[in-house]
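The values are calculated or read from the model by the stated rules, or taken from the named source; none is laboratory data. On a predicted model such as this, the values are computed, not experimentally measured, just so you know. With ideal geometry, Cβ positions are generated from the backbone for all residues, glycine too; neighbour counts draw on all protein chains shown. The accessibility values were calculated without ligands, DNA or RNA, using every heavy atom of the protein model including side chains. Shrake-Rupley method; radii C 1.70, N 1.55, O 1.52, S 1.80 Å.
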Amino acid sequence: MPSKKDTQLLADLRAASTRLTEAGAPELAAAVDDVLAPGGWSRLRHATDTTTGVSTPNVAIHVPLVLRTAIQDASQAANSTLKDDVAEGLEAFIAGRFSPEANAYRARRNTGLETGNLNVRVDADLKRRFQEAAEDLTEDLGYKPALSHVAKAWLIEKYDIALAERLAEA
């Protein structure tokens, strides 16, 4: 069931389309309508930002919600962005300055904690370089690191965040 916020966003986008048509910008209204069409939003997932020429794919980091909140709060308190924080961690991994243990910060099952995704956009070239480095380091590390695993471990260590189970108790 859609939330009130989702319903309002849909209504606002439809109103924007109508206003754009009235204002003499039917091509912009058509773009909004394309996104509102079934499956239209998915076309944006692989789009390249024409102002920068950079594609920024999403990285979904599955975490307990208390951990997600703690990471977001810590990043904001540091006047940083999650995108910059994750990029810093991936660059450290590529340079060999950071590599988490195979099961470091792995979510425990059946803890009763509600989980969700911490979604972060990552530059496509950085993602490609990470994947190449991960492939090269797989044998040395004894496991193939996933981008989301390295990003999560970096954020937890950078901001010295307690394990989610302890956060939930607080």
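The residue pairs whose first member lies in the stretch 2-21 and is of a type in the set (Ser, Thr, Tyr), whose second member is surrounded by 12 or more Cβ atoms within 10 Å (Cβ to Cβ), and whose beta carbons are closer than 6 Å, counting only pairs six or more residues apart or on different chains, are Ser17/Ala29; Ser17/Val32; Ser17/Asp33; Thr21/Ala29.
Among the residues of the stretch 134-149, none is identified as open to solvent by less than 40 Å² (accessible area, probe 1.4 Å) and over 16 Å from Ala102 (Cβ atoms). Screening the stretch 18-39 for residues that are outside any helix (DSSP H, G or I) and modelled with pLDDT of 85 or more and picking the one that is farthest from Thr7 (Cα to Cα) gives Gly24. Selection of the stretch 17-41 for residues being hydrophobic (A, V, I, L, M, F, W, C) and open to solvent by 60 Å² or more (accessible area, probe 1.4 Å) yields Ala23, Leu28, Trp41. Taking the stretch 107-132 as the range and being closer than 18 Å to Ala153 by Cα, touching a helix residue (DSSP H, G or I) at 6+ places or on another chain (Cβ under 8 Å), open to solvent by 40 Å² or more (accessible area, probe 1.4 Å) and at pLDDT below 90 as the test, the residues that pass are Ala107, Arg108, Thr115. Look at (1) assigned to a loop (DSSP other than H, G, I, E, B); (2) modelled with pLDDT under 90; (3) surrounded by 15 or more Cβ atoms within 10 Å (Cβ to Cβ) and you find that Phe98 fails only one, number (2).
Of all residues in the stretch 161-170, those satisfying the criterion of being open to solvent by 90 Å² or more (accessible area, probe 1.4 Å) and either at pLDDT 90 or above or not in a loop (DSSP other than H, G, I, E, B) (or both) are Arg166, Glu169. I need a count of the residues in the stretch 70-90 that are touching a residue at least 40 places away in the same chain (Cβ under 8 Å) and in a helix (DSSP H, G or I). Final tally of qualifying residues: 11.
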